[in-house]
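For reference, the structure I am asking about is given below.
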Amino acid sequence: MNHDVIVIGGSYAGMAATLQLLRAHKTVLVIDAGQRRNRFASHSHGFIGQDGVNPGEIAAKARSQLQAYPTLSWIEAQASAISGQLDSFTVTTASGESHYARRILLAIGVADQLPEVKGLAERWGQSVFACPYCHGYELHRGRVGIIGSNPMSIHQAELLTEWGQVTLFVNGALAVDDQARGKLEARGVEIEEPLIDRIEGNADVVLIDGRTQRFAGLFTATRTSPASTLADSMGCVLEETPIGIQVRTGAENKTSVPGVFACGDLARVPHSVSLAVGSGAMAGAQVHRSLVWPDTMLPVQASIKSA
Ligand SMILES: Cc1cc2nc3c(=O)[nH]c(=O)nc-3n(C[C@H](O)[C@H](O)[C@H](O)COP(=O)(O)OP(=O)(O)OC[C@H]3O[C@@H](n4cnc5c(N)ncnc54)[C@H](O)[C@@H]3O)c2cc1C
């Protein structure tokens, strides 16, 4: 079957886009691998109407509302390749099935590269976080530890002083020069140079010198990159941001490949559910408009080189 649009990634951004397209009577196939970025967290904060709700519940409710529209198809699968061109794309899944559409919308999100600290990965989304607006308030202005990972850790440590008393663990991951040290100290940030041995308990940092520091919660600045290689393997231009790599899009959510659009964390910074939903809603309308006025489908920023 030939669909108007294949949306790859059926989380917040992809579903927000799909809703607009379904409401414009378009046929939409969503292909989703079910690996939402916030699947490690038990509560989602900062999205109006859903503050504190389990992120899986938010997604499940959205999906059930989409399923009321007869022009939706949905498969749970990993999209492994996209070929073709404007008006005749083929998406192949990992199991070898082929699906066809006039437009492609990429909403595949990003993956977080976590610092290699023993005990950190298993606490990710529970007591170790990246976004203070999402998880800072619940720490009740207690002690906050920053696990150093890259130069953004300095910015993160400064900002987190709005949420509690901050200690920055450099952990051999970044250089804190005199200027940075001055800024951190001006905001009351304590700086720890010894390496971290492990994280244990809820958010206890054990240093190799034997000391243990106990915190209400920990933060780390992750590097992000597209959750799969679909975009770059089909030639979409990527770009570097302060926190990682994303797909470059113009104001209309177009990528550098005609007929291929992108939205959500994959295509913008900063990242949150609200912003992903807003980006997806905009992308859905833009994809629809490209079907109404195909002569606007010139590639944007095609001269920009890959990151
Ligand atoms: C630990 C943690 C906690 C967070 N907490 C909050 C919070 O409290 N509040 C908040 O606003 N934000 C929070 N965020 C940020 C939020 O999770 C993201 O901004 C949001 O999920 C982005 O939505 P998205 O739809 O762009 O991408 P995602 O939610 O990451 O969804 C991408 C979807 O695409 C699918 N996919 C990827 N590749 C393929 C492929 N090749 N084929 C098929 N499907 C594919 C994935 O499986 C996934 O279902 C948190 C993030 C993390 C890491």
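Taking the Cα centre of region 109-195 as origin, sum charge times position over the Cβ atoms of Lys and Arg (+1) and Asp and Glu (-1), and report the length of that vector in debye to the nearest 20.
180 debye
Taking square-rooted eigenvalues a ≥ b ≥ c of the alpha carbon gyration tensor, is region 35-184 rounded, prolate or oblate, where a/c under 1.5 means rounded and, failing that, a/b exceeding b/c means prolate?
Prolate shape, in that a/c is at least 1.5 and a/b is the bigger ratio.
Apply the Debye scattering formula to the chain, with a single equal point scatterer on each alpha-carbon and no solvent, then give log10 I(q)/I(0) at q = 0.11, 0.14 Å⁻¹.
Listed by q, the Debye log ratios stand at -0.71, -1.00.
Then there is this: Within the chain, which cysteines find no other Cys whose Cβ is under 4.7 angstrom from their own?
So, Cys236, Cys263.
What percent do you get for the relative contact order of the chain when only Cα pairs under 8 Å and 6+ apart count?
After rounding, I find 21 percent.
Work out how far the C-alpha atoms of region 115-220 reach from end to end along every principal axis, then list the three figures in whole Å, largest first.
That works out to 34, 30, 21 Å along the principal axes.
Using a 7 Å offset from the Cα along the Cα-to-Cβ direction at both Thr212 and Cys131, what is the distance between the two label points in nm, to one decimal?
3.2 nm
Now for a different question. What range in the chain is the longest one free of trypsin sites (Lys or Arg not before Pro) that are in a loop by DSSP and have at most 15 other Cβ atoms within 10 angstrom?
That gives 1-117 as the longest site-free run.
For region 239-296, what class follows from the C-alpha gyration tensor (a ≥ b ≥ c being the square roots of its eigenvalues): rounded when a/c is under 1.5, otherwise prolate if a/b is larger than b/c, else oblate?
It is oblate, given that a/c is not under 1.5 and a/b is not larger than b/c.
Follow-up. Give me the number: length gained by fully extending Glu116 to Glu200, i.e. 0.36 nm times residue separation minus the C-alpha to C-alpha distance, one decimal in nm.
Residue separation times 0.36 nm, minus the Cα-Cα distance, leaves 28.8 nm.
Next question, about the same structure. Work from the charge dipole of region 166-307 (Cβ charges, +1 for Lys and Arg, -1 for Asp and Glu, about the Cα centre) and give the residue of His288, Ala186, Gly210 farthest towards its positive end.
After comparing all options, I get His288.
Any idea what the dipole of the chain comes to, in debye rounded to 20, about its Cα centre with Lys/Arg Cβ at +1 and Asp/Glu Cβ at -1? Don't skip to the answer; put the middle values down first.
Numbers: 25 positive and 29 negative charges, 155 e Å.
Rounded to the nearest 20 debye, it is 740 debye.
Within the chain, what is the longest stretch that has no GluC sites (Glu not before Pro) placed in a DSSP loop and near at most 13 other beta-carbon atoms within 10 Å?
163-307
Right, something else. Along the positive direction of the dipole of the chain (beta-carbon charges: Lys, Arg +1; Asp, Glu -1; about the Cα centre), which of Ile8, Ile196, Ala221 reaches farthest?
The one lying farthest along the dipole's positive direction is Ile8.
OK, next. When the helix-only estimate is applied to the chain (DSSP H runs of n ≥ 4, each -39,500 (n - 2.57), divided by the residue count), what is the mean residue ellipticity at 222 nm, nearest 500 deg cm²/dmol?
Rounded to the nearest 500, it is -6500 deg cm²/dmol.
Taking the dipole about the Cα centre of region 77-161, with the C-beta of Lys and Arg at +1 and of Asp and Glu at -1, give me whichever of Leu105, Gln126, Gly136 is farthest to the positive side.
Gly136
Note the full-extension length gain between Arg187 and Ala94 as 0.36 nm times their separation in residues minus their Cα-Cα distance, in nm to one decimal.
Taking 0.36 nm per residue and subtracting the Cα distance, the gain is 28.5 nm.
Another question, if that's okay. Does region 156-206 classify as rounded, prolate or oblate by the C-alpha gyration tensor (a ≥ b ≥ c root eigenvalues; a/c under 1.5 gives rounded; else a/b over b/c gives prolate, otherwise oblate)?
Taking the square roots of the gyration eigenvalues as a ≥ b ≥ c, region 156-206 is oblate.
Laboratory data are not the source of any read-out in this text; all were calculated from the coordinates shown. All values derive from a computational prediction rather than experimental measurement. Cβ sites come from the backbone with ideal geometry, for glycine too, and all protein chains shown count toward neighbours.
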